[in-house]
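Read through the structure below, which is laid out as structure tokens, and then see the notes.
The values are calculated or read from the model by the stated rules, or taken from the named source; none is laboratory data. Since this is a predicted model, take the numbers as computed values, not measurements. A quick note on method: Cβ atoms are made from the backbone with ideal geometry, for glycine too, and the neighbour counts reach across all protein chains shown.
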Amino acid sequence: MPAVPVRTAPSAVLDSPAGGALSLVFTTLPALLRLTCGLFGAVVALSVRTAPVQVALLLPAVAVLTAWSLSYATRALRGGVTPALVAGDVAITTAACLLIPRLVAPEVLPGEGSWIAVLASTTVINTQATAPARWSIPAGLLVTAGYATGAHAAGNPREASAHAATLLVQTACTAMMTGVMRHRIGRADRAFAAHQRLSREALVARTARESERRQNRDLHDTVLGTLTMVGQGAVSGPSAALRRRCAADLRTLTALADARALPGDGPVSLDDRLRTVRERLPDLPVTVDLAPCALPAAVVDAVAESVYAALSNVVRHAPGATAALRLRRDAGGVAVEVVDDGPGFDPAAVPPHRYGLRESVRGRMVAVGGSARVESAPGTGTRIRLEWPGVG
């Protein structure tokens, strides 16, 4: 007789939290109910042994019932309610019902209060809670028929019909209740699974967009920046600096083609990385004032490349200007400033399609939880301040 599979807690929580919780409830409660009923039934059965109760049959029956109740509870709590447990419970209960004339004293049989009446009720309720309706309902009918037959044989047709009706109601109500619960919980788990799937798809899409934006920023700051410099006439004739820059651009393209892995999150020296950025632009006069600072690798990468983009803008748009690079750290975070004495510009007048400040500087900083602020006006130079608040 197949029973509803019971999942272990970790898998249930991850795959179907509502169904897993229901399975745990419908494992724990039947186990405790069967154990309580078995022990209670044993005490009651042994306390009333008047004729025609056959003590020679009663004692083995009570021993079997007690042993079965302990085994049922232990196995259910350890591995869930299996088909074997459900089938065994129904078989033992039905057999006990058929033996009512030899196991229950006539004076305690009426009123649906005998220990076998309680045993039968417990079994039909547990069966509906732990097995599919196609098996649990016939099992409930079998226990009901067994009780009615045993009570009739004991000479009490009124008790037979009364408790049989009670067992039928218990079977129907418990089956409907568990059916509704399983249906509702199944819907909840399907909704949860759909939400998880949509969340994963959104994460994949967001990661793909961020990867595309990161590649676009790298191309903008290297190859496109170099081509812009050449196109604007910033380089005249053979130039060792241009050759070095082209070689660096080529390395960037190779890294993008190889889909290199993202950097780890271990601490990296930001001031050392900024000195490396300074060396990538040897023709730009830059004064540096860098306080020692170590940050996660991803943050250092974002800050350094944002600084490189800002200094490259000075080379492209402010020929002959000088720049200053400063790094400061305090309890509230870390700040990097790139200041130049070039002609300046109006940030509000930058067309929306321009990629430099929007993605190469602001986009990078936002991606790691930081920010970028640009202060400039015609004739006053430019100040770009990068901030990351994650330093404790």
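Within the set of pairs 6+ apart or on separate chains, which have a first residue in region 30-58 that is within 12 Å of residue 108 (Cα to Cα), a second that is part of a helix (DSSP H, G or I) and of a type in the set (Val, Ile, Thr), and C-beta atoms under 9 Å apart?
44/118; 45/62; 45/116; 49/55
Only one residue in 390, 363, 342, 320 is buried (at least 19 other Cβ atoms within 10 Å of the Cβ) and part of a loop (DSSP other than H, G, I, E, B), so which one is that?
Criteria check complete, one pass: 342.
Please note which helices (runs of 4 or more DSSP H) are completely contained in region 48-145 and include at least 3 residues that are among the hydrophobic types (A, V, I, L, M, F, W, C).
55-79, 83-98, 115-130
Please work out if residue 359 is over 22 Å from residue 293 (Cα atoms), within 43 Å of the chain's Cα centre (by Cα) and touching a residue at least 40 places away in the same chain (Cβ under 8 Å).
yes
Any chance you could count how many residues in region 98-131 are crowded, with 24+ Cβ neighbours inside 10 Å and of a type in the set (D, E, K, R)?
Number satisfying all stated conditions: 0.
Rundown of residues vs (1) among the hydrophobic types (A, V, I, L, M, F, W, C); (2) touching a residue at least 12 places away in the same chain (Cβ under 8 Å), yes/no style:
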{"site": "310", "(1), (2)": "yes, yes"}
{"site": "319", "(1), (2)": "no, yes"}
{"site": "351", "(1), (2)": "no, no"}
{"site": "365", "(1), (2)": "yes, yes"}
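With respect to residue 314, determine if the residue is outside any helix (DSSP H, G or I), at pLDDT 85 or above and β-branched (Val, Ile, Thr).
no
Restricting to region 136-165, and then to whatever is buried (at least 17 other Cβ atoms within 10 Å of the Cβ) and among the β-branched types (Val, Ile, Thr), can you tell me which residue is nearest to the chain's Cα centre (by Cα)?
Per the criteria, the residue is 137.
Would you mind stating whether residue 259 is modelled with pLDDT under 90 and surrounded by 17 or more Cβ atoms within 10 Å (Cβ to Cβ)?
No: the conditions fail for residue 259.
Which condition number in (1) on the phi > 0 side of the Ramachandran plot; (2) of a type outside the set (D, E, K, R); (3) modelled with pLDDT under 85 is the one that residue 155 fails?
In the conditions (1) on the phi > 0 side of the Ramachandran plot; (2) of a type outside the set (D, E, K, R); (3) modelled with pLDDT under 85, residue 155 misses (3) alone.
Filter region 288-307 for residues that are more than 37 Å from the chain's Cα centre (by Cα) and surrounded by fewer than 23 Cβ atoms within 10 Å (Cβ to Cβ) and give the result.
If the condition is that a residue be more than 37 Å from the chain's Cα centre (by Cα) and surrounded by fewer than 23 Cβ atoms within 10 Å (Cβ to Cβ), then 288, 289, 290, 291, 292 are the ones that fit.
Residue pairs, Cβ under 8 Å, 6 or more apart or interchain, first in region 270-289 and in the same structural domain as residue 321 (by TED's automatic domain parsing) and more than 12 Å from residue 310 (Cβ to Cβ), second β-branched (Val, Ile, Thr) and assigned to a loop (DSSP other than H, G, I, E, B). List them.
285/322; 287/322
Give just the number: which of (1) out of contact with any helix residue (DSSP H, G or I) (no Cβ under 8 Å at 6 or more places or on another chain); (2) loosely packed, with under 15 Cβ neighbours inside 10 Å does residue 95 not satisfy?
(1)
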